[in-house]
Structures are given as C-alpha cells and as structure tokens.
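Since the structure comes first, as structure tokens, the remarks are kept for the end.
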Amino acid sequence: MIRVLSVFGTRPEAIKMAPVVHALRARPDLFESQICVSAQHRAMLDQVLGVFGLHADHDLDLMTPGQSPVQIVSRVLDRLPPLLREVGPSVLLVQGDTMTSFAAAFAAFLGRVPVGHVEAGLRTGDRWQPFPEEMNRVLTTRIADIHFAPTTKSRDQLLAEGIAPSDVVLTGNTVIDALLQTVRPSYQFTSPGLAALDASRRLVLVTTHRRESFGAPLRSTCAAIRELAGRFPDLQFVLPVHPNPEVKGTVQSLLCDVPGMLLIEPVDYVEFVQLMNRATIILTDSGGVQEEAPSLGKPVLVLREVTERPEGVDAGTAVVVGTNQARIVEVASELLSSRAAYERMANAVSPYGDGHASERIVAALSERFA
Ligand code: UD1
Ligand code: UDP
C-alpha cells in the first residue's frame with residue numbers, strides 16, 4: 001500500500017487537492033490516503049472541505065488573525081514533524097506556492113519523506129511578484145522528488161532548471177477537474193445577496209488579495225472599479241472580500257458606497273463557480289480564477305504587473321492590466337463596449353487542462369511508489 005499524506009491549508013490548495021484526494025480514494029487497493037490541514041485559512045478552508053465532502057485526518061490549526069508568512073512557516077515546522085513520524089507516509093503531497101506548501105515540503109525533506117508537488121513549474125521570473133509565492137515555488141521545486149506540471153510551459157520550465165525528465169509529469173491543472181465536477185448547467189444562488197441579483201443586468205466579478213498589491217496598488221484598483229461603475233451605470237459588481245485585514249479594510253472603505261456594488265463575504269466554491277459563469281467579465285489577481293475563467297468562456301483582466309500563467313494571455317483569454325487605474329478602465333471599457341473585442345476573448349480556448357489531471361497524478365504516484 002502507498003500511504004499518501006496530502007498537506008494543504010488555504011482555499012485554493014484545498015480546491016485543487018480535493019479532486020486528487022478523491023482520485024486516490026477511488027483506488028483503495030493501491031493507496032491509503034490521509035489529509036493533514038495546516039488551516040492556514042480556517043473559515044475558507046473549512047468551506048472547501050464541506051463542498052467536496054472531505055474530512056481532515058489531522059489538523060495543525062495554525063491560523064491567527066493578521067498572521068505573517070514567518071509565523072505560518074514556524075508553526076508548520078513545529079507541528080508537522082511529529083505527525084510525519086506517527087503517520088510514516090510513503091509520499092507527502094503539496095500543492096502550489098503558499099507558506100503551507102513550502103513549509104510542509106521542507107518538513108518532509110528534513111524527515112526524509114519524498115515529496116510530490118502538484119502545480120509545479122509556474123514562474124514569473126521575478127522573486128518579488130507574487131510575493132512571497134514566487135520564492136515558495138522555486139524552493140518547493142528544489143525539494144520535491146516528483147513534479148506534476150500543469151502545462152507544457154511549466155514542464156519546460158522545470159526541465160530548463162535541471163529537473164530530470166523522469167521526475168516531471170505533465171498532468172493539466174487539477175483546478176479544471178474541480179471546476180468541471182462543480183459547475184451546474186442551471187443553478188439558483190443560495191446566499192441572499194446573490195439571489196437578489198438582477199438577471200437582466202451585466203455582472204462584473206472582482207477578487208483581489210495579493211500581498212504585493214497592499215496599499216497604493218489596491219487603492220488604485222478600487223478607484224478603477226469606482227470609475228467603471230460611473231461610466232457603465234447598467235453594471236452590477238460583485239466582490240467577495242478576502243478576509244485578510246489589509247484587503248478588507250481598504251476594499252470596504254473605498255468601495256462600500258459605489259452604485260451597483262455588492263461587497264460580500266467569501267462564498268463557497270459552488271456559488272463562486274456560478275458567479276463566474278454568470279459574469280460578463282472578471283477582474284482578478286487570483287491564480288485559480290485566471291485558470292478557471294477561460295474554461296467558462298469568460299474574459300479575465302489580471303490585476304497584476306506580471307503573471308505566472310502566461311498560457312491564458314497567449315490563448316487570448318486573459319489580459320494583464322496591472323493595477324493602474326487608467327489601464328484597467330481602458331481595457332474593461334473596450335470589452336464592455338465592443339462586441340467584437342468581447343467575442344475574441346470569450347471564444348478563446350482554455351489552455352489549463354481537460355479535467356483529468358488528478359487521474360494522471362494518481363497513475364504517476366502508483367508507478368513511482370508501488
Ligand atoms: C494566502 C497565500 C496566497 C494565496 C491566498 C489564497 C501565502 C503567503 N499566501 O494568502 O498565496 O493566494 O492565501 O487566498 O501563503 N483569514 C481569515 N479567515 C480565513 C482565511 C484568512 O480570517 O479563512 C485572514 C486572517 O486574518 C489571516 C489573513 O486572512 O491571518 C491572511 O491569511 P494568509 O493565509 O496568511 O494570507 P493570504 O493573503 O490569504
Ligand atoms: N473562490 C471561492 N470563493 C470566493 C472566491 C474564490 O471559492 O469567494 C475560489 C476560486 O474559484 C478559485 C480559488 O477560490 O478556485 C482561488 O482562491 P484565491 O483567489 O484565494 O487564491 P489564489 O488562486 O490566488 O492562490
């Protein structure tokens with residue numbers, strides 16, 4: 001039996017690991033699967049576990065309000081090693097680029113436990129953007145024994161960094177597995193604010209939470225949204241506000257009185273997928289949303305200076321607009337005014353996967369660790 005310990009802590013890691021855990025559990029003849037959550041995110045993580053019917057076997061329960069990245073790393077390094085000794089995994093899986101991912105991979109290395117990295121090989125090439133995720137990716141690559149690359153670009157990046165071809169598996173992104181398992185053809189919102197949306201008005205969905213955008217860049221993004229609301233009074237905006245106090249404070253103070261604006265708590269994945277589906281365009285600095293939106297045929301304006309997901313830009317589904325007010329307003333206005341410009345982006349093809357990434361990961365694990 002291959003004992004797989006999946007360690008994750010934030011909302012996006014949980015969404016992207018849920019299909020992998022389900023695929024492992026579909027093969028009880030080969031795998032014993034256990035989940036350890038760091039609970040770097042408490043509420044948003046539990047929301048995802050609920051949606052995907054998952055239960056944590058182990059919970060490091062480390063979140064504190066306004067935590068620093070250093071605190072997360074130090075708590076994972078303190079609390080995970082005894083569990084590794086108790087569980088004795090054949091392999092530990094981490095996903096992506098959070099503090100939990102890097103710290104869990106490092107703890108596994110120190111405990112001589114092999115590491116599998118899901119969503120490996122993404123890079124902006126700038127260690128400060130996104131901060132600190134770009135460095136977490138680079139460090140996790142150095143530690144991992146097997147690398148699950150979501151796209152050919154990420155695979156080639158790993159090979160260019162000297163990772164042996166036999167240690168890299170091209171899988172697609174598991175977020176597309178999660179998305180396709182979740183999206184419903186017809187759906188009624190359950191949360192009261194969303195149920196009251198006017199179906200005849202166009203909707204702009206916004207999310208923002210990156211640390212490098214705190215302060216002036218986030219204020220500039222908010223100013224752009226206010227300007228767009230003024231220019232296009234028919235628009236409705238929905239912004240599920242990330243609970244990070246830095247984000248919450250700025251967004252609420254700058255946007256609470258914008259006409260047509262609905263500022264809400266983070267919604268569960270089923271509701272959020274439907275929101276994306278309902279949106280005309282999406283403004284986001286999220287990694288996961290950049291990957292999901294093209295599968296739903298939604299143009300994405302990326303609220304960052306640089307992206308580690310250039311595939312969407314190359315495919316024509318995403319534009320990197322940064323956080324400059326004039327640039328955001330210019331690109332969004334064109335999409336909202338020109339049918340041709342809109343159709344070009346909405347009809348581009350999704351480059352992130354076919355919904356079978358988890359099966360490929362499980363097949364590679366069984367080949368490697370049986
Ligand atoms: C983290 C990840 C980032 C990822 C993002 C997804 C790092 C360095 N950053 O950033 O890569 O894109 O998650 O959302 O690992 N909070 C709550 N409840 C929750 C979750 C968060 O109250 O359920 C608040 C807490 O005050 C917490 C703060 O948000 O201290 C920040 O959370 P943290 O995980 O440290 O950073 P994120 O900005 O969420
Ligand atoms: N998401 C969600 N509810 C929300 C906002 C986002 O379920 O209110 C989902 C979204 O579909 C995507 C993931 O959360 O799969 C992205 O998380 P986030 O933007 O926090 O992190 P990132 O992907 O940037 O690391």
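Just to be sure, is Q47 in contact (Cβ under 8 Å) with a residue 40 or more places away in the chain, crowded, with 19+ Cβ neighbours inside 10 Å and part of a loop (DSSP other than H, G, I, E, B)? Full working, then the answer.
On the way: in contact (Cβ under 8 Å) with a residue 40 or more places away in the chain: yes; crowded, with 19+ Cβ neighbours inside 10 Å: yes; part of a loop (DSSP other than H, G, I, E, B): no.
Answer is no for this residue.
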In segment 85-103, residue most open to solvent (accessible area, probe 1.4 Å) [restricted to those that are away from ligand 1 (no atom under 13 Å from the Cβ) and of a type outside the set (S, T, Y)]: R85
Failed item, numbered, when P130 is tested on (1) part of a strand (DSSP E or B); (2) under 23 Å from L303 (Cβ atoms); (3) not β-branched (V, I, T): (1)
Filter result (of a type in the set (S, T, N, Q) and either in a helix (DSSP H, G or I) or within 8 Å of ligand 2 (Cβ to nearest atom) (or both)) within segment 271-281: Q274, N277
Lone unmet requirement of (1) part of a loop (DSSP other than H, G, I, E, B); (2) open to solvent by 10 Å² or more (accessible area, probe 1.4 Å) for V73: (1)
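Using the structure shown, decide if R112 is among the basic types (K, R), closer than 29 Å to A164 by Cα, out of contact with any His (no Cβ under 7 Å at 6 or more places or on another chain) and surrounded by fewer than 20 Cβ atoms within 10 Å (Cβ to Cβ). It would help to see each step written out before you state the result.
Details: among the basic types (K, R): yes; closer than 29 Å to A164 by Cα: yes; out of contact with any His (no Cβ under 7 Å at 6 or more places or on another chain): yes; surrounded by fewer than 20 Cβ atoms within 10 Å (Cβ to Cβ): yes.
When the stated conditions are applied, R112 passes them.
Please work out if F106 is more than 21 Å from S358 (Cβ to Cβ), away from ligand 1 (no atom under 13 Å from the Cβ) and in contact (Cβ under 8 Å) with a residue 24 or more places away in the chain. Give the steps one after another, and end with the answer.
Details: more than 21 Å from S358 (Cβ to Cβ): yes; away from ligand 1 (no atom under 13 Å from the Cβ): yes; in contact (Cβ under 8 Å) with a residue 24 or more places away in the chain: yes.
Judged against the criteria, F106 is a match.
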Every pair of residues 6+ apart whose Cβ atoms lie under 8 Å, when the first sits in segment 239-266 and is within 24 Å of A199 (Cβ to Cβ) while the second is hydrophobic (A, V, I, L, M, F, W, C) and within 8 Å of ligand 1 (Cβ to nearest atom): V241/V247; P266/A43; P266/M44
Failed item, numbered, when S366 is tested on (1) more than 16 Å from ligand 1 (Cβ to nearest atom); (2) more than 30 Å from P114 (Cα to Cα): (2)
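Within segment 282-365, considering only helices (runs of 4 or more DSSP H) that don't extend past its boundaries, which have at least 1 residues that are surrounded by 21 or more Cβ atoms within 10 Å (Cβ to Cβ) and within 16 Å of ligand 2 (Cβ to nearest atom)? Walk me through how you get there before you give the answer.
Working: elements: 287-295, 310-315, 325-337, 339-346.
Fully inside segment 282-365 and qualifying: 287-295, 310-315.
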Hey, R211 away from ligand 1 (no atom under 16 Å from the Cβ) and open to solvent by 50 Å² or more (accessible area, probe 1.4 Å) or not: no
All positions within segment 70-90 that are without any contact (Cβ under 8 Å) to a residue 24 or more places away in the chain and on the phi > 0 side of the Ramachandran plot: none
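Answer yes if at least one residue in segment 51-61 is more than 10 Å from ligand 1 (Cβ to nearest atom), at negative phi, part of a strand (DSSP E or B) and of a type in the set (F, W, Y), and no otherwise. Let's see the steps before the verdict.
Here is the first cut: in segment 51-61, the ones more than 10 Å from ligand 1 (Cβ to nearest atom) are 51-61.
Okay, now just the ones that are also at negative phi, so 51-52, 54-60.
Okay, now just the ones that are also part of a strand (DSSP E or B), so 58-59.
Filter again for of a type in the set (F, W, Y), leaving none.
No.
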Within segment 214-240, considering residues that are within 16 Å of ligand 1 (Cβ to nearest atom) and among the hydrophobic types (A, V, I, L, M, F, W, C), the one surrounded by the most Cβ atoms within 10 Å (Cβ to Cβ): L218
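Looking at this structure, is S38 closer than 27 Å to V273 by Cβ, of a type in the set (S, T, Y), within 16 Å of ligand 1 (Cβ to nearest atom) and in contact with a Lys or Arg (Cβ under 9 Å, 6 or more places away or on another chain)? Before the answer, list the steps.
Numbers: closer than 27 Å to V273 by Cβ: yes; of a type in the set (S, T, Y): yes; within 16 Å of ligand 1 (Cβ to nearest atom): yes; in contact with a Lys or Arg (Cβ under 9 Å, 6 or more places away or on another chain): yes.
So S38 passes the test.
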First in segment 133-159 and surrounded by fewer than 21 Cβ atoms within 10 Å (Cβ to Cβ) and modelled with pLDDT of 95 or more, second anywhere and assigned to a helix (DSSP H, G or I) and not hydrophobic (A, V, I, L, M, F, W, C), Cβ under 8 Å, 6 or more apart: D145/D167; K153/P310; K153/E311; L159/P165
Residue tally, condition in a loop (DSSP other than H, G, I, E, B), farther than 30 Å from Q71 by Cβ and not basic (K, R), over segment 23-41: 4
Qualifying residue in segment 190-206 (condition: assigned to a helix (DSSP H, G or I) and touching a Pro at 6+ places or on another chain (Cβ under 7 Å)): no
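The values are calculated or read from the model by the stated rules, or taken from the named source; none is laboratory data. Nothing here was measured: the structure is a model prediction, and the numbers come from that model. Quick reminder, even Gly has a Cβ in these numbers, built from the backbone with ideal geometry, and neighbours come from all protein chains shown. Protein only, heavy atoms only, side chains kept; ligands, DNA and RNA dropped before computing areas. Shrake-Rupley method; radii C 1.70, N 1.55, O 1.52, S 1.80 Å.
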